[in-house]
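The values are calculated or read from the model by the stated rules, or taken from the named source; none is laboratory data. Just so you know, these numbers come straight off a predicted model, no measurement behind them. When we count neighbours, we look across all protein chains shown, and the Cβ atoms used for this are built from the backbone with ideal geometry, even at glycine. Surface areas here come from the heavy atoms of the whole protein model, side chains and all, with no ligands, DNA or RNA. Shrake-Rupley method; radii C 1.70, N 1.55, O 1.52, S 1.80 Å.
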Amino acid sequence: MSTFFFFLPFLLLYTVWAVYAERKVSAFIQDRTGPMETGKYGMLQTVADLLKLLMKEDIVPTASDRWYFKAAPVLIFTAVFAGFAVVPLTLGWAGSGTEVGVFYLMAIISLDVVGILMAGWSANSKYTLLGAFRSVAQMISYEVPLASCIVCVVIICQSLDLQAISYQQGIFSTSPNYLFGIKAWGISTNELGGFLTWNILRAPVLIPVFLIFFICALAESNRAPFDLPEAEAELVGGFHTEYSGFRWAMVMLSEYGMMLLLSFLMSILFLGSWNTPLPNIGSMKLALWTSGTAGSVASFFWGAFWLIGKSLLLIIVMMWVRWTYPRLRVDQLMSLCWKYLTPAAILLFFLSALWRLWMI
Amino acid sequence: MSVAQVLFYGLAALVLLGALAILFSKNIIRAAFLLIGVLVGIAAIYALSGAMFLAVAQLMVYVGGILVLLIFGVMLTHSSKEATLRGGSHNIWLGGFLGISLFLGMVYTLLKQPFETKLPTENIWQSTAQMAWLLASDYLLVFELLGVLLLLALVGAAFVVRKNI
């Protein structure tokens, strides 16, 4: 229920601002000003675009498979939105709190794939079908290293529950944490907290895992440099070429929703979830000050602030990458996935298992 | 009726309707897409019974793996207009006889089965760790053999596809 009342409005608001941010970031990278006319600094541009989209006619191509064509965007958005059910937002709010949270999120990506195939096929056009094929082939391929990366974290944390993984990465942890995960040094970081207890520093073997995960997340959300499914010069608009008006808006909404979901997952698995990045230094109890006591209203707001902040920061990095790197070719895309990322992820999988056996 | 019962019957109805729609659908890709309803419904029934891991595995393997493979297979071999199944019925008597006898046999077995209505109330939401423990101890050999079987299937498929290795 909380997912419905918090994440649905949050997702809508976030998408409006993310589209605006995307346009501004791209403009600044290309030495332009971006939207400037609508509202101050063009801040109302996306709102205007959204209103325009809602007014547009909902066109269904004559040769398309009518019901499936109409249902596909709903299926895609439902799949992405269902993923938010297991995201723990703060100390006291674990979302659905299921013990198989991470595994469930992997299954969500599969449902998204079916929705994209349905959209591409039902429009009965060459561009959409090819776009859907590319999109799905890419998503399924990159799911392999992505899943291996998630397994690495699960090995280290010994839990599939996102809230349990979150608890381990901060001052509320009940298990001992050591500096860089090296027990021999004997420097306990339980009291320090902050970024020192994040998963990437708790077990530094996870730093390359995080990088691979980030690359796979870009590919999973079909963003540049992996935006072949929407290569404008070749495929017009990819699997959503034939959509217009509100249905197109829904497809875009789920695309940005997928980005947000993967950013949340990245923050939870690697960057300390809702834990503060500031450590306790001597009498400067920064971690305590910025976490609040467990169960209080302050802890609720701090947790949400840190998790959402980290996720939005990752999204800005995704945009930065998009406007910095050129698009890959199909063969480069596949060789990057199968020849480099997958073997690297499997190697890291073994290293994480060894780390768990010897270091913790 | 409790909420769980209402949910159960709703999901069961979804599964049954989906299965019937697949049965009477002439278009093979539509039938494949209708399979989502069946698979998701079954996964939801698992989740309702507290078997969370099984539910997600069902989604992962059937929707993420088999269904996508199925749709891909059909799409690569047919164009969307040609993908209709041939109509007409053959062997009505033999098929009807086999179908009805199988159904009756299944009903008979089900009725003979002494169903335990007692549910495990303790730790129903922590079944994943118990299941993992069993897989890594009592059923380890079966688990490993299945892994080897899957690997063999993978290598075999690659061997069949590649003409000259």
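Data overview
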| read-out | value |
| --- | --- |
| Residue A:178 long-range amide H proximity, modeled H, under 5 Å | A:189 |
| Delta accessible area of at least 30 Å² on complex formation, residues of the range A:49-76, 1.4 Å probe, chain isolated as reference | A:65, A:68 |
| ³J(HN,Hα), Karplus 6.51/-1.76/1.60, whole Hz, each residue of the range A:330-337, x for Gly, Pro | 4, 5, 5, 4, 5, 5, 4, 5 |
| Accessible-area value, residue A:297, 1.4 Å probe, nucleic acids and ligands omitted, Å² | 100 |
| Spin-label pair residue A:244/residue B:154, simplified geometry with 7 Å Cα→Cβ offset, distance in nm | 4.6 |
| For q = 0.06, 0.10, 0.12, 0.13 Å⁻¹, Debye-computed log10 I/I(0) when each Cα of the protein assembly as shown counts as one equal scatterer | -0.33, -0.93, -1.31, -1.51 |
| Cα shape, the range A:66-358, gyration tensor, a/c 1.5 rule | prolate |
| Three-way shape label, the range B:123-165, alpha-carbon gyration tensor, a/c 1.5 | prolate |
| FRET E, pair residue B:145, residue B:48, Förster distance 41 Å, beta-carbon r, rounded to 0.05 | 0.85 |
| Solvent-accessible area buried by B and A, counting both chains, probe 1.4 angstrom, square angstrom | 2300 |
| Around residue A:279: net Lys/Arg minus Asp/Glu count, Cβ-Cβ under 11 Å | 0 |
| Listed residues A:300, B:111, A:317: farthest to the positive end of the dipole of the protein assembly as shown (Cβ charges) | A:317 |
| Distant-in-sequence amide H partners of residue A:272 (H built 1.01 Å from N, under 5 Å) | A:199, A:200 |
| Inter-chain shielding of B:7-13 (mean C-beta neighbours from other protein chains, 10 Å cut-off) | 0 |
| Residues listed by number, the range A:235-273, amide nitrogen under 15 Å from residue A:59 label point at 7 Å toward C-beta | A:236-238, A:240-249 |
| Listing of the range A:99-115 residues, each with accessible area lower by at least 20 Å² in the full protein assembly than in the chain alone (probe 1.4 Å) | A:99, A:100, A:103, A:104, A:107, A:110, A:111, A:114 |
| Pairs from A:339/B:163; A:40/A:310; A:24/A:52; A:126/A:310; A:126/B:26 whose Cα-Cα separation, in the structure shown, is over 31 Å | A:126/A:310 |
| Helical mean residue ellipticity (222 nm; -39500 (n - 2.57) per DSSP H run of 4+; nearest 500) of the protein assembly as shown | -20500 deg cm²/dmol |
| Accessible area per residue, Å², the protein assembly as shown with all protein chains present, probe 1.4 Å | 54 |
| Shape call, the range A:181-260: gyration tensor on alpha carbons, a/c limit 1.5 | prolate |
